[in-house]
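Student: Got a structure for you, questions after.
Coordinate-derived values only; no laboratory data. These figures come from a predicted structure and were not determined experimentally. Glycine also receives a Cβ, built like all others from the backbone with ideal geometry; neighbour counts cover every protein chain displayed.
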Amino acid sequence: MRLSHRVSSLKPSATVAVMNRAAALKAAGVDVLNFSAGEPDFNSPQVAKDAAVAALGANQTKYLPTAGDPATRALIAEFVSTRNRIPNVTPDHVLITAGVKMALYLTMQALFDPPAAGQAPMEMLLPVPAWVSFAPIAELAGAKVVEMPTTTASGFKITPEQLRKAITPRSRVLLINTPSNPCSTMYTPDELAALAQVVAECAATIAPELVIVADELYQHIVFGGVPHKSIGSIPAVAERTITINGPGKSYAMTGWRLGWLSGSGEFGKQAVAAISKLQGQTITSVPGFSLAGMRAALSHADADLAAMRAQFAKRADLIFSRLSAIPKVQVAKPIGAFYAFPDVSAYFGKKSPGGKAIASAGDLAGALLEEQKMAVVPGEDFGGCGKNHIRMSFACGEAQIEEGCKRLAAFLGSLA
Ligand SMILES: Cc1ncc(COP(=O)(O)O)c(C=O)c1O
């Protein structure tokens, strides 16, 4: 079968690949400790489930307006204005999408063109390590991804000087994801202000078309003392920022497939209208009964959210202390999201008890799964120094974290 170049050159998600392999082992009766899942282990809030069931009972089963029904758009406009403090956001500045991934996909399709013959592609500036799907989604739209490397020592954050050097007249998008998947670190408000200043200065000179795309999906899962700030709330860049968010991670609603994007002022209104056109020709609209559940969660589930956040905070302390105690493993303290991202490269070049040569994070993750029945995500596909790391989601109970860290320590200690 002949496939488009677009699809045949597309890399499958490394995270999904590990999740699928772990699920297959589990289905075959193998007791796998799964640290690969990028989703909360908690149930969705009861108020959300009740509201969705009631909406189904009331036959809310028809198409909606493409950008979402007025009540939900109004609620999100209020959310973005009050919780994210982004100025000049009305319901017309909001588009409801089928998950954050779809919001990112539509946004990139609206911002990039495939390069014309003989022309260089426009660029997306991406601090790495970064979530595995950012680069493929931008590349599908015709972008060239320019990686901006970070290190464990810098808390996996780019500096203003680094950003200034990376911006060129071809820069179209700067992707900011805070709290970060996979690094679980966050930019402070001052750091974001400094980055915003560079964007504003460069936009006034060499990069007039530069837009910030801010993925704030983990906004409410923060527990390290650094407050979450939206870069889109900074006046100098508000009208060149598209902020993307959703209930999946914070409210344990990943499978509901909901998200939204918003922008400020005239820029935001135009962006939402343009991206809505794309949504109208793809998914038409999201399902109304799930929106009823999301509205209930956003309005009445802050206690659930706080309880989940408290659990994540405890688990972050636990996994950090256990991983830090493993010889030659370096790990930054998670302060947001729910991932530990240890550097295990000191163990590369060794051999596992099962005879597997460990030359990379991928080899290590493969041997861990086969020999210790423990699923982690190898860091290569996160970019940059990610190749030295594995990602362990701590969206699981404390007993599993204890057992997994024990197995990892024993496995690393057994490499020769
Ligand atoms: C940073 C980031 N953005 C987007 C997504 C996808 O979100 P959704 O499930 O709402 O499509 C994920 C999922 O892991 C993520 O970690």
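Student: Å³ per residue of the Cα convex hull, for the chain? The partial results should precede the final answer.
Tutor: Details: hull volume 66.5 nm³, N = 416.
Per-residue hull volume (Cα only) is 160 Å³.
Student: With contacts defined as alpha carbon pairs under 8 Å and 6 or more residues apart, what's the relative contact order of the range 46-301 in percent? Intermediate results must be reported in sequence, preceding the final value.
Tutor: Numbers: 500 pairs, mean separation 76.4, N = 256.
It rounds to 30 percent for the range 46-301.
Student: What number, rounded to the nearest 500 deg cm²/dmol, is the helix-based mean residue ellipticity at 222 nm of the chain, given -39500 (n - 2.57) per DSSP H run of at least four residues and division by all its residues? Mind dumping the intermediate values first?
Tutor: On the way: 14 runs with 171 residues, N = 416.
Calculated mean residue ellipticity at 222 nm is -13000 deg cm²/dmol.
Student: Based on alpha-carbon centroids, what's the gap between the range 179-219 and the range 102-154 in Å, whole number please?
Tutor: Cα centres, the range 179-219 to the range 102-154: 14 Å.
Student: Right, something else. Would you please classify the overall shape of the range 62-198 from the alpha carbon gyration tensor, given that a ≥ b ≥ c denote the square roots of the eigenvalues, rounded means a/c under 1.5, and beyond that prolate means a/b larger than b/c while oblate covers the rest? All intermediate terms of the calculation are to be shown ahead of the outcome.
Tutor: Details: a/c = 1.96, a/b = 1.28, b/c = 1.53.
It comes out oblate by the Cα gyration axes.
Student: What is the angle, in °, between the Cα long axis of helix 361-372 and the longest principal axis of the Cα atoms in the chain? Nearest 10 is fine, range 0 to 90.
Tutor: Value to nearest ten degrees: 60.
Student: Turning to a different aspect of this structure: Could you tell me the distance between the Cα centroids of the range 300-315 and the range 386-406, to the nearest Å?
Tutor: 19
Student: Along the charge dipole of the range 207-262, Cβ charges K/R +1 and D/E -1, which of 234, 254, 213 sits furthest on the positive end?
Tutor: Positive-most Cα among the choices belongs to 254.
Student: Once a ≥ b ≥ c are taken as the square roots of the eigenvalues of the Cα gyration tensor of the range 175-246, is the result rounded (a/c under 1.5), prolate (a/b larger than b/c) or oblate (a/b not larger than b/c)?
Tutor: On the way: a/c = 2.31, a/b = 1.85, b/c = 1.25.
The shape class here is prolate.
Student: If you don't mind, another one. How many nm separate the modelled label positions at residue 321 and residue 63, each set 7 Å beyond the Cα in the direction of the Cβ?
Tutor: 5.7
Student: In the range 134-263, what % of DSSP beta bridges are antiparallel (nearest 5)?
Tutor: Values: 4 of 13 bridges.
Of all bridge pairs located within the range 134-263, approximately 30 percent are antiparallel.
Student: Could you tell me how many degrees, from 0 to 90 and to the nearest 10, lie between the Cα long axis of helix 14-27 and the main elongation axis, the longest principal axis, of the Cα atoms of the chain?
Tutor: On a 0 to 90 degree scale, this one is about 60.
Student: Using DSSP, restrict attention to beta bridges with both residues in the range 46-301 and report what percent are antiparallel, rounded to the nearest 5. Kindly include the intermediate steps, with their values, before the conclusion.
Tutor: On the way: 8 of 26 bridges.
Of all bridge pairs located within the range 46-301, approximately 30 percent are antiparallel.
Student: Treating the angle as unsigned and between 0 and 90°, give the value, to the nearest 10°, between the Cα long axis of helix 189-204 and the longest Cα principal axis of the chain.
Tutor: Helix 189-204 sits at roughly 50 degrees to that axis.
Student: Could I ask something else about it? Contour minus end-to-end for residue 90 and residue 193, with contour as 0.36 nm per residue of separation and end-to-end as the Cα-Cα distance? Walk me through the numbers before you get to the answer.
Tutor: Working: separation 103, 0.36 × 103 = 37.08 nm, distance 2.40 nm.
Stretched fully, the residue 90-residue 193 segment lengthens by 34.7 nm.
Student: For the pair residue 350 and residue 282, what calculated FRET efficiency results from E = 1/(1 + (r/R0)^6), where r is the Cβ-Cβ distance and R0 = 60 Å, to the nearest 0.05?
Tutor: Numbers: r = 48 Å, r/R0 = 0.79.
Rounded to the nearest 0.05, the efficiency is 0.80.
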